[in-house]
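What follows is a single structure, written as structure tokens, with notes after it.
We did not get these values from a lab; they are worked out from the coordinates using the rules stated. Just so it is clear, the structure is predicted and the values come from calculations on it, not from any experiment. Note that each Cβ is placed from the backbone with ideal geometry, even for glycine, and that neighbours are counted across all protein chains shown.
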Amino acid sequence: MKKLLKTVAILIILTVAGSAVAGCEKTPDSTVASTTPASTSATEPELKNQTDQDQVPEIAGYSLLWNDEFNGTAMDMTTWNYEPHEPGWTNNELQEYTESEENVFVRDGVLVLKAIATETENGGTYYTSGKVTTQNKQDFMYGKVVARAKVPEGQGLWPAIWMMPTDESYYGQWPKCGEIDIMEVLGNQTDIAYSTIHYGEPHGQQQGMLTLTDGTFASDFHEYSVEWEPGEMRFYIDGTLILTVNDWFTALPGEDEKPYPAPFDQTFFVQMNLAVGGNWPGNPDETTDFSKAEFEIDYVRVYQKPDYDTNVTKPEKDFRDPLPDGNMIYNGDFAEAEDLTDDINWKFLLFHGGEGSAEIKDGSIIITSLQEGTEEYSVQLVQPDLAMIKGNKYRITFDAYAAEERDIVVCVSAPTNGWIRYFPDTLMTLTTDWETYTFEFEMTEKDDNNGRLEFNMGKRGSIAQIHIRNVRVEVIET
């Protein structure tokens with residue numbers, strides 16, 4: 001949440017940059033015990049809501065560290081803090097976070113964070129909303145966080161449940177300090193929820209997503225959770241695993257990386273907010289109904305294991321081998337009519353108003369757009385897992401044509417390296433005849449096993465059908 005996520009959201013794996021609290025960096029003690037006990041909270045919190053214990057389920061292997069079921073009449077100030085901020089504090093968001101009971105209140109067993117739009121004298125609109133944190137009250141290191149919530153629907157609304165370190169200056173300002181996003185949903189696309197971690201520098205991120213096929217995250221409550229351990233994090237939505245991460249880093253520019261698993265080896269705290277506008281969701285419009293702009297949280301529960309093995313090592317990167325003919329693109333000849341919705345080889349994606357379909361047929365892929373959407377990536381065909389090695393030179397080739405002359409954008413992106421481009425966004429015009437397109441580039445960044453070839457077919461003033469075949473990415477010089 002506290003970042004400028006690149007305006008693409010996907011596991012590749014996408015997703016928002018702001019500024020964190022700056023401070024003097026300090027290196028953790030290099031003498032680390034082999035296990036971390038269950039009580040790792042910075043404040044040794046007592047269990048909250050004792051009267052709710054019969055309602056809180058046990059989880060095998062864990063003990064309940066703290067929880068809030070929001071069954072009272074007001075927010076528990078021994079657990080939560082307000083975090084007021086002026087508009088524009090981060091991500092170019094529009095809202096002022098306040099301590100007003102109009103923006104933060106408990107109703108019928110849920111905590112409500114409400115966004116309010118007020119017309120100003122000069123004809124503009126002023127937005128207020130709510131943000132709460134457990135910083136310096138319920139801080140902990142490692143555990144399982146479980147939250148059940150219902151998000152609002154509406155352009156420009158951006159609810160989130162996420163975690164930041166107690167001392168943001170420990171490894172340096174964001175993103176070096178680390179960030180754990182348990183859940184984020186964009187109000188204009190409430191059938192998709194995202195889970196993300198941020199780290200670096202340079203800024204790295206890994207993101208998972210779940211798209212509902214029935215209902216939305218705004219139509220009912222859903223449960224979001226993360227299992228945070230010294231060498232791995234696992235994110236779930238309604239019990240479905242959507243992201244596993246075990247490879248991250250942090251460093252100051254020009255210096256060696258800090259010992260793994262930095263920066264996620266310090267106490268973090270939970271925070272929840274409902275943002276309005278910002279770089280990722282965009283601003284509200286005339287369709288946004290602020291009478292329904294409520295982020296409802298049913299409960300937050302934090303569990304811990306009795307101890308954690310902190311003697312972990314960073315895994316070696318697993319680079320996908322090219323095919324025998326040197327092509328790094330799997331099924332580049334579209335000989336297999338594969339599933340275009342899974343995370344294997346090709347994936348077809350729709351975002352931000354993009355509508356359409358993709359079909360593999362007769363040795364090519366056919367993309368049929370119904371709505372171009374509001375972003376270039378609103379209609380998108382991608383293949384991740386490309387081995388990008390520093391110093392190598394690569395060649396991209398493919399054949400393509402369109403039903404009528406139109407533009408598309410091609411690139412090789414870095415979804416887990418801050419969405420930088422290894423091959424820059426390149427605008428090209430397709431004709432109505434098959435043509436072969438060739439591009440070459442040199443990899444100048446550090447090695448990455450998750451480069452991603454993208455064909456972006458949204459927001460170019462056309463929904464003309466596109467045909468693509470014979471896609472290749474290959475090393476031409478090492």
Based on alpha-carbon centroids, what's the gap between the range 130-190 and the range 109-125 in Å, whole number please?
21 Å
Karplus-derived 3J(HN,Hα), 6.51/-1.76/1.60, for each residue of the range 213-219, Hz, glycine and proline x:
9, 9, x, 9, 6, 9, 8
With log10 I(q)/I(0) by the Debye sum over Cα atoms at q = 0.07, 0.08, 0.11 Å⁻¹ in mind, check [x] -0.49, -0.63, -1.03; [y] -0.38, -0.50, -0.93; [z] -0.59, -0.73, -1.01 and report the label derived from this structure.
[y]
Please identify the trypsin sites (Lys or Arg not before Pro) of the range 368-446 that satisfy two criteria: DSSP loop assignment and at most 13 other Cβ atoms within 10 Å. Which are they?
K390, K446
I need H467, H352 ordered by Cβ neighbour count within 10 Å, fewest first.
H467, H352
Per-residue HN-Hα couplings for the range 445-451, Karplus 6.51 cos²θ - 1.76 cosθ + 1.60 at θ = phi - 60°, whole Hz, x for Gly and Pro?
8, 5, 3, 9, 8, 9, x
Net charge dipole size for the chain [Lys, Arg +1 and Asp, Glu -1 on Cβ; Debye, nearest 20]
580 debye
The simple spin-label model distance between E257 and T120, using points 7 Å out along Cα→Cβ, in nm, is 4.5 nm
One finds, for E101 and E355 with R0 = 41 angstrom and r their Cβ-Cβ distance, a FRET efficiency to the nearest 0.05 of 0.50
Label-point separation, S169 to R421 (7 Å along Cα→Cβ), nm:
3.8 nm
Can you pick out the pairs among K176/K305; K361/K393; K150/K305; K317/K446; K150/K292; K361/K459 whose Cα atoms lie more than 20 Å from each other?
K176/K305; K361/K393; K150/K305; K361/K459
Please state the relative contact order of the range 347-477 as a whole percent: Cα pairs under 8 Å, 6+ residues apart?
37 percent
Which peptide among 188-199, 326-337 comes first, and what is the full order, when sorted by highest mean count of other Cβ atoms within 10 Å?
188-199, 326-337
For P84, net neighbour charge (Lys/Arg +1, Asp/Glu -1) across residues whose Cβ lies under 10 Å away:
-3
Find how much the distance from E223 to N392 grows on full extension, using 0.36 nm per residue of separation minus their present alpha carbon separation; answer in nm with one decimal.
56.4 nm
From the Cα gyration tensor of the range 427-478, with a ≥ b ≥ c the square roots of its eigenvalues, which class applies: rounded if a/c is under 1.5, or else prolate if a/b is larger than b/c, or else oblate?
prolate
Under a plain spin-label model, where a point goes 7 Å from the Cα along Cα-to-Cβ, how far apart in nm are I59 and M428?
4.6 nm
What is the gain in length, in nm to one decimal, between E316 and H85 on full extension, counting 0.36 nm per residue of separation less the C-alpha to C-alpha distance?
79.0 nm
Going by average Cβ density within 10 Å per residue, which order do the peptides 218-230, 452-464 take, highest to lowest?
452-464, 218-230
To the nearest 0.05, the calculated FRET efficiency linking T436 and Q465 through their beta-carbon distance, R0 being 22 Å, is 0.70
Any chance you could check the Cα centroid distance between the range 439-456 and the range 329-399 for me, in angstrom?
15 Å
Rounded to the nearest 0.05, what FRET efficiency is calculated for E445 and N136 with R0 set to 45 Å and r the Cβ-Cβ distance?
0.75
